[in-house]
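Notes to accompany the following structure.
Values in this text are rule-based calculations from the coordinates and carry no lab data. Remember, predicted model here, so these are calculated numbers, not experimental data. In this analysis, Cβ positions are derived from the backbone assuming ideal geometry, glycine residues included, and neighbour counts consider all displayed protein chains.
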Amino acid sequence: MSQPQAFDPVASAYDTNFTHTQIGQYVRSIVQSRLTQHFTSGNHILELGCGTGEDALWLAEHGVHVTATDVSEGMLATTRAKCAGNPLVQVNPLDLRHLPTNVTASYDGVFSNFGPMNCLAEWRTLAAWLAQRVKKGGIVGLGVMSPFCLWEPLWHGVHGNWRTATRRWRKSIPFQPEGVSEPIQITYPAIKRITNDFTPHFQRVFVRGIGLFLPPSDVYGAVEKRPQLLKRLMSLEHRFASWPKLSLLADHYWIELERK
Ligand SMILES: C[S@@+](CC[C@H](N)C(=O)[O-])C[C@H]1O[C@@H](n2cnc3c(N)ncnc32)[C@H](O)[C@@H]1O
């Protein structure tokens, strides 16, 4: 029996609290538009930290074969249920902190959306592991929580919650949902750090922000109940969030690295 994981208690409400929200759907659509730039029907793609399998299912519906992996049994169970009946999705446990040494597959590309990379303290080991499994020219796309999200100090600062307002400025912070005995450490790597750790095997080819004008998920409720504000923020997001120089100020940045 596997160890209980930090995201197990989050799994059952994850789609309600994030995936199916208006903002959650909007920001995911930005990532999915990037995925379609690189991953096409007939490709075999590895997903790291798949959560509830939303992107895996979406890619499979576009003819892409996805091996969807996560460390959390709760998340994997939801992915299996969501993708049941779709032969293009294979669901496997994989802990990014303990990567297996056997090389059993070669992938056309890899992606990891909305934060699994923030559960690691360094990315060099993962980059070397991926280098053995990604075809030359293949893309690794990573959605990473950024270290300077503008919304967080503004929103939580105004509400007097200084600890949350400044949490991304610390080296790492513990994440321990109720019912989990061991916290995991969350880090907020800069774009430069991810780029450097991947550089021995990969070259950065693209970066953009996701959630520059749209807030982090703990503020979705407050914004979604103001439809006019939400519409305005979505329009600003559409116009400006893709500017690479603003990436670090967004909730997440999306970075693409090409196998050399
Ligand atoms: C915020 S969720 C993102 C889920 C999904 N990618 C999405 O787009 O909604 C972060 C995911 O990373 C997974 N994760 C955290 N640490 C991990 C690790 N060491 N190895 C593999 N997955 C991990 C969690 O279980 C969780 O499903």
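Between PHE148, PHE111, PHE240, the residue with the greatest mean-square fluctuation in the GNM of the chain (Cα pairs under 10 Å linked by springs) is PHE240. Based on C-alpha pairs under 8 angstrom that are at least 6 apart in sequence, the chain has a relative contact order of 20 percent. Near THR79: Cβ cut-off under 12 Å, other residues only, Lys/Arg at +1 and Asp/Glu at -1. The net charge is -4. Farthest toward the positive end of the dipole of the chain, out of VAL64, ALA165, VAL134, is the Cα of ALA165, where the dipole comes from beta carbon charges about the Cα centre.
Treating r as the C-beta distance of THR16 and TRP162 and R0 as 35 Å, the FRET efficiency rounds to 0.75. Pairwise inverse Cα distances across the range 8-259, averaged and inverted, put the Kirkwood hydrodynamic radius at 18.6 Å. What's the FRET efficiency of GLU178 with GLU61 using the Cβ-Cβ distance as r and R₀ = 41 Å, to the nearest 0.05? Using R0 = 41 Å, I get an efficiency of 0.75.
Below 25 Å, Cα to Cα, which lysines can LYS192 reach? Residues fewer than 8 away in the same chain don't count. Excluding near neighbours in sequence, the set is LYS135, LYS136, LYS171, LYS245, LYS260.
Rounded to 0.05, the FRET efficiency of the SER29 and ARG226 pair, given R0 = 22 Å and the Cβ-Cβ distance, is 0.60. Each Lys and Arg contributes +1 and each Asp and Glu -1, all at the Cβ; summed about the Cα centre of the chain, the dipole is approximately 960 debye.
For the chain, there are no membrane-span-like helices by this rule, meaning no whole DSSP H stretch whose C-alpha atoms cover at least 24 Å of axis and whose Kyte-Doolittle mean is 1.6 or above; this says nothing about an actual membrane. Counting only DSSP beta bridges with both residues in the range 8-259, the antiparallel share comes to about 50 percent. Placing +1 on each Lys and Arg Cβ and -1 on each Asp and Glu Cβ, with no other charges, gives the range 1-69 a dipole about its Cα centre of roughly 160 debye.
Ordering PRO9, ALA81, GLN203 by the projection of their Cα atoms onto the charge dipole of the chain, which places +1 on the Cβ of Lys and Arg and -1 on the Cβ of Asp and Glu, puts GLN203 at the extreme positive end.
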